[in-house]
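**Student:** Before I ask anything, here is the structure I am working with.
The values are calculated or read from the model by the stated rules, or taken from the named source; none is laboratory data. Predicted model, so just to flag it, every value in this text is computed and none were measured. Positions of Cβ are generated from backbone atoms using ideal geometry, with glycine treated the same way; all protein chains shown enter the neighbour counts.
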Amino acid sequence: MTIDQQLQQLIQQAPTDEAKADLQVIAPVLKALAKRLQHLDYYLLQDLEQRWVMTQLQHRGQPDLTKTVIYAYPSLEAVSMAQPNPDPQLMALPIPTVQLLFQLLAIKPIDSLIFLDQSQPPGIEISRQLLQSLIAQQLQPPIEMA
């Protein structure tokens with residue numbers, strides 16, 4: 001599915017007309033972020049109940065500073081390379097990029113998604129804070145010039 005098709009599906013699956021209207025307002029933000037990424041789908045490690053595997057990262061210089069991230073892999077091969085000793089209780093399933101970004105708003109324990117791509121070795125981190133900030137900017141009324 002293209003990014004536009006993913007957005008359309010997300011909007012169509014909204015439970016209420018109000019939710020659909022809200023999604024239409026934030027759709028340009030989700031689209032802009034999704035276009036920065038190289039893949040239309042990413043693979044996430046999930047447990048057998050399809051809960052996403054979260055990783056707690058700790059700052060090297062400040063051990064008290066932590067954040068919770070989810071790694072998004074570009075392919076099953078990339079998942080295999082990152083998990084040399086696979087856990088039989090985990091599986092990797094593809095998730096549309098737009099859905100991942102939208103879920104970042106909803107899943108409170110997650111601070112960031114880290115999208116791993118071969119061309120950008122450290123990956124692209126998109127934080128909940130950045131996403132919320134971009135949405136807040138989108139919701140602000142335009143400044144009127146007199």
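**Student:** Leu57 versus (1) under 18 Å from the mean Cα position of the chain (by Cα); (2) without any contact (Cβ under 8 Å) to a residue 60 or more places away in the chain; (3) over 16 Å from Leu113 (Cα atoms); (4) not in a helix (DSSP H, G or I): which is the lone unmet condition?
**Tutor:** (3)
**Student:** To continue, here is another question. Given (1) assigned to a loop (DSSP other than H, G, I, E, B); (2) over 26 Å from Gln13 (Cβ atoms), identify the lone condition not met by Gly123.
**Tutor:** Checking Gly123 against (1) assigned to a loop (DSSP other than H, G, I, E, B); (2) over 26 Å from Gln13 (Cβ atoms), the one that fails is (1).
**Student:** Could you check, for region 19-36, whether at least one of its residues is farther than 20 Å from Leu104 by Cβ, without any contact (Cβ under 8 Å) to a residue 60 or more places away in the chain and surrounded by fewer than 18 Cβ atoms within 10 Å (Cβ to Cβ)?
**Tutor:** So in region 19-36, the residues farther than 20 Å from Leu104 by Cβ come out as 21.
From the residues that got through so far, the ones that are without any contact (Cβ under 8 Å) to a residue 60 or more places away in the chain too are 21.
Filter again for surrounded by fewer than 18 Cβ atoms within 10 Å (Cβ to Cβ), leaving 21.
Within region 19-36 (the criterion being farther than 20 Å from Leu104 by Cβ, without any contact (Cβ under 8 Å) to a residue 60 or more places away in the chain and surrounded by fewer than 18 Cβ atoms within 10 Å (Cβ to Cβ)), the answer is yes, since at least one residue qualifies.
**Student:** Residues of region 95-126 being without any contact (Cβ under 8 Å) to a residue 24 or more places away in the chain and either touching a Lys or Arg at 6+ places or on another chain (Cβ under 9 Å) or aliphatic (A, V, I, L, M) (or both), which ones?
**Tutor:** Of everything in region 95-126, those that are without any contact (Cβ under 8 Å) to a residue 24 or more places away in the chain and either touching a Lys or Arg at 6+ places or on another chain (Cβ under 9 Å) or aliphatic (A, V, I, L, M) (or both) turn out to be Ala106, Lys108.
**Student:** Could you please let me know if Ile110 is touching a strand residue (DSSP E or B) at 6+ places or on another chain (Cβ under 6 Å) and outside any loop (DSSP other than H, G, I, E, B)? I'd like the intermediate steps shown before the answer.
**Tutor:** Values: touching a strand residue (DSSP E or B) at 6+ places or on another chain (Cβ under 6 Å): yes; outside any loop (DSSP other than H, G, I, E, B): no.
Criteria not met by Ile110.
**Student:** Could you give every pair whose Cβ atoms fall below 7 Å, whose first residue belongs to region 67-94 and is touching a residue at least 12 places away in the same chain (Cβ under 8 Å) and basic (Lys, Arg), and whose second residue is assigned to a loop (DSSP other than H, G, I, E, B) and buried (at least 17 other Cβ atoms within 10 Å of the Cβ), counting only separations of at least 6 or pairs across chains?
**Tutor:** Taking only residues 6 or more apart or on different chains, the pairs are Lys67/Asp111.
**Student:** Can you confirm whether region 87-100 contains a residue that is over 16 Å from Glu125 (Cα atoms), of a type in the set (Ser, Thr, Tyr) and part of a helix (DSSP H, G or I)?
**Tutor:** Checked against the condition, which is being over 16 Å from Glu125 (Cα atoms), of a type in the set (Ser, Thr, Tyr) and part of a helix (DSSP H, G or I), region 87-100 yields no hits at all.
**Student:** Please go through region 67-84 and give me each residue that is outside any loop (DSSP other than H, G, I, E, B) and under 19 Å from the mean Cα position of the chain (by Cα), ordered by number. It would help to see each step written out before you state the result.
**Tutor:** So in region 67-84, the residues outside any loop (DSSP other than H, G, I, E, B) come out as 67-73, 76-82.
Hits for region 67-84 are Lys67, Thr68, Val69, Ile70, Tyr71, Ala72, Tyr73, Leu76, Ala78, Val79, Ala82.
**Student:** Among the residues of region 69-85, how many are of a type in the set (Val, Ile, Thr) and either farther than 28 Å from Leu7 by Cβ or at pLDDT 95 or above (or both)? Working first, answer last.
**Tutor:** Residues of region 69-85 of a type in the set (Val, Ile, Thr): 69-70, 79.
Then keep just the ones that are either farther than 28 Å from Leu7 by Cβ or at pLDDT 95 or above (or both); that gives 69-70.
Qualifying residue count for the region: 2.
**Student:** Return a yes/no flag: does region 92-108 have any residue that is surrounded by fewer than 15 Cβ atoms within 10 Å (Cβ to Cβ), over 26 Å from Ile11 (Cβ atoms) and at pLDDT 90 or above.
**Tutor:** no
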